[in-house]
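Contents: one structure, followed by commentary.
The values are calculated or read from the model by the stated rules, or taken from the named source; none is laboratory data. None of the values given here were measured: they were computed from a predicted structure. All Cβ positions, glycine included, derive from the backbone under ideal geometry; neighbour counts span all protein chains shown.
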Amino acid sequence: MCIIIDINVFADVFNKKSTFHIEFTPVREWIIKGKGKIVYGGSKYKKELRLAVKYFKLLVELEKINKTVKLDDAEVDKKEREVAETKKHHDFNDEHLVAMVLASGCCLVCTKDSSAMPFIKDRIFYSGTVKRPRIYSGKKNKDLLNDSNIAPICKLQKTPRCG
């Protein structure tokens, strides 16, 4: 029910003129017409999103209709620093996505950044109640957009469920 959307696919999800929109239309429909919500937070994510003014404004509108879950920025930033200390690699620059997963228990990340995917799913970051997320990278993953991917933060329960 919840999804973290990497900034690199915001246009693909929400802009019908985007080259890859058809691949991410199911995510858009799941959020706009279905039960989906965007999980977001942290300084780096918000900074990146503010650079894409059109999508920042869209997120604000989605927030008004209860289609977002806003994380505590300080908590995400702290977890981002911990993630960066845990895994140092010159190709890993999406620590904030892992940090959002850890802060929220969100089981689903939407990205087309193939170099980020192994880091996002790296077992080193996940233990206990926070499960490794699944990745939506195109239409072939539309089966992930279902109620079994309800994060605790989205339903105000303590135990995460990943389908």
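In the condition set (1) modelled with pLDDT of 90 or more; (2) within 20 Å of VAL76 (Cα to Cα); (3) crowded, with 18+ Cβ neighbours inside 10 Å, ILE150 is compliant with all but (1). Can you confirm whether ALA52 is touching a residue at least 12 places away in the same chain (Cβ under 8 Å), on the phi < 0 side of the Ramachandran plot and in contact with an Asp or Glu (Cβ under 6 Å, 6 or more places away or on another chain)? The answer is no for ALA52. In this structure, does ASP143 turn out to be of a type in the set (D, E, K, R), within 24 Å of SER18 (Cβ to Cβ) and surrounded by 20 or more Cβ atoms within 10 Å (Cβ to Cβ)? Against the criterion (of a type in the set (D, E, K, R), within 24 Å of SER18 (Cβ to Cβ) and surrounded by 20 or more Cβ atoms within 10 Å (Cβ to Cβ)), ASP143 does not qualify.
One residue stands out in the range 40-67 among those that are modelled with pLDDT of 95 or more and not in a helix (DSSP H, G or I): the one that is nearest to ALA11 (Cα to Cα), namely TYR40.
Checking each residue in the range 88-110 for being surrounded by 14 or more Cβ atoms within 10 Å (Cβ to Cβ), among the charged types (D, E, K, R) and assigned to a loop (DSSP other than H, G, I, E, B) picks out only ASP94. Scan the range 83-123 for residues that are closer than 21 Å to ALA151 by Cβ and of a type in the set (Gly, Ala, Ser) and the total you get is 5. Pairs linking a residue in the range 17-42 that is over 22 Å from SER148 (Cα atoms) and crowded, with 22+ Cβ neighbours inside 10 Å to a residue that is among the β-branched types (Val, Ile, Thr) and modelled with pLDDT of 95 or more, with Cβ atoms under 6 Å and 6 or more positions apart or on different chains, are GLY41/VAL76; GLY42/VAL76.
Residues in the range 20-33 that are at pLDDT 95 or above and assigned to a loop (DSSP other than H, G, I, E, B): PHE20 only. Checking the stated criteria, ASP73 turns out to be in contact with a Gly (Cβ under 9 Å, 6 or more places away or on another chain) and touching a residue at least 12 places away in the same chain (Cβ under 8 Å). The residues of the range 56-83 that are under 23 Å from THR129 (Cβ atoms), touching a Phe, Trp or Tyr at 6+ places or on another chain (Cβ under 8 Å) and among the hydrophobic types (A, V, I, L, M, F, W, C), listed by number, are VAL69, LEU71, VAL76, VAL83.
All of (1) surrounded by fewer than 18 Cβ atoms within 10 Å (Cβ to Cβ); (2) more than 15 Å from the chain's Cα centre (by Cα) hold for VAL83 with one exception: (1).
SER127 - would you say it is polar (S, T, N, Q) and in contact (Cβ under 8 Å) with a residue 24 or more places away in the chain? Steps first, answer last, please.
On the way: polar (S, T, N, Q): yes; in contact (Cβ under 8 Å) with a residue 24 or more places away in the chain: no.
Taking the combined requirement at face value, the residue does not satisfy it.
Checked against (1) surrounded by fewer than 15 Cβ atoms within 10 Å (Cβ to Cβ); (2) on the phi > 0 side of the Ramachandran plot, PRO118 passes all but condition (2).
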